[in-house]
Amino acid sequence: MRLVLLGPPGAGKGTQAKVLSNNLKIPHISTGDIFRETRDSGTELGDNLADYMKKGLLVPDEIVNQIVAQRLQKDDIKDSGFILDGYPRTRQQAAVLDESLEKDGIRLDTVIYMKTSNETILLRLTGRRVCKRCGRIFHVKNIPPKQEGICDFCGGELYQREDDTRETVLKRLEVYNDQTRELIDYYDQKHMLNTVSGDMEVRKLYDVLYELFGKEGLL
Ligand code: AMP
């Protein structure tokens, strides 16, 4: 399956992508995760990325497109498809993705738009905690770890992303509304868009998505 998860920061794209990827054995490509890894790599590119990310701004299209294009060439993607999480985020990125898939004679199967209220987004992101070691996502209220600050799965340390503060979340929402929202129309016009509610509880939304994929003959 070749899938794009679209929606504002905090819609739960990463959470759903991880579960779908695990259960359906489809590679999960999160540009945010790739950039966080590169940012922490101590390279010049990493320092460059840190500037954008700290401010909640988008990394320039050329850098993003190049990184995703490289990832899409790997064998696992050719065999099993992909779940794109956080990409594309601009019209230019969407056009580049379409072109590169077309070149390989393939296309996206569906785009899921996780429509989410601002209230949910703020509550989720400011309370989100991530495991430093395995990347699993917790929430101080909604998905608390058994032991505060420690990952239930691998014992790694949980941390708050520096762009999950209220101020940066508001900036990220502004950037989303300015640059990413228009992709909803872009995919809608191509009849690829399926809208679901990102306000739903994780397990319930997973069931909705699973049913939808079944109906579309993607499972
Ligand atoms: P995310 O984890 O998806 O919220 O991404 C974290 C940050 O990485 C974003 O705020 C951007 O600075 C950067 N980023 C991730 N994906 C993209 C993208 N497709 N285009 C531009 N910047 C991105």
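Taking the criterion of being of a type outside the set (K, R), in contact (Cβ under 8 Å) with a residue 40 or more places away in the chain and either within 11 Å of the ligand (Cβ to nearest atom) or not in a helix (DSSP H, G or I) (or both), the residues of the stretch 44-78 that qualify are M53, G56, L57, L58.
For the condition outside any strand (DSSP E or B), closer than 24 Å to A69 by Cβ and within 18 Å of the chain's Cα centre (by Cα), Y113 does not qualify. Going through (1) closer than 18 Å to V68 by Cα; (2) at pLDDT 95 or above; (3) within 11 Å of the ligand (Cβ to nearest atom) one by one, P27 falls short only on (3). What about L97, is it at pLDDT 95 or above and over 15 Å from the mean Cα position of the chain (by Cα)? The answer is yes for L97. Look at T120 and say whether it is polar (S, T, N, Q), assigned to a strand (DSSP E or B) and under 17 Å from A11 (Cα atoms). In short, no.
D33 falls short on exactly one of the conditions (1) part of a helix (DSSP H, G or I); (2) near the ligand (Cβ under 9 Å from one of its atoms); (3) buried (at least 18 other Cβ atoms within 10 Å of the Cβ), and that condition is (3). Regarding the stretch 148-155, can at least one residue be identified that is among the acidic types (D, E) and farther than 23 Å from I121 by Cα? Scanning the stretch 148-155 turns up at least one residue that is among the acidic types (D, E) and farther than 23 Å from I121 by Cα. Tell me, please, whether a residue that is in contact with a Pro (Cβ under 9 Å, 6 or more places away or on another chain) and not basic (K, R) can be found in the stretch 99-113. No, the stretch 99-113 contains no residue that is in contact with a Pro (Cβ under 9 Å, 6 or more places away or on another chain) and not basic (K, R).
Of the residues making up the stretch 1-22, those that are more than 8 Å from the ligand (Cβ to nearest atom), in contact (Cβ under 8 Å) with a residue 40 or more places away in the chain and over 18 Å from A94 (Cα atoms) number 10. As for the stretch 203-215, it holds no residue that is farther than 16 Å from L6 by Cβ and touching a Pro at 6+ places or on another chain (Cβ under 8 Å).
Figure legend. Inter-residue proximity from the stretch 89-105: first residues more than 15 Å from the ligand (Cβ to nearest atom), second residues not in a helix (DSSP H, G or I), beta-carbon distance below 8 Å, spacing 6+ or different chains. Indicated pairs: L101/R2; L101/R107; L101/L108. Just one of (1) in a helix (DSSP H, G or I); (2) buried (at least 19 other Cβ atoms within 10 Å of the Cβ) fails for V4. It is (1). Count of the stretch 79-98 residues, restricted to those that are of a type outside the set (V, I, T) and part of a helix (DSSP H, G or I), is 9. R124 fulfils the conditions (1) buried (at least 19 other Cβ atoms within 10 Å of the Cβ); (2) closer than 30 Å to Q66 by Cβ except for a single criterion, (2).
The values are calculated or read from the model by the stated rules, or taken from the named source; none is laboratory data. These numbers come from a predicted model, not from an experiment. No Cβ is skipped: glycine too gets one built from the backbone with ideal geometry, and neighbour counts run over all protein chains shown.
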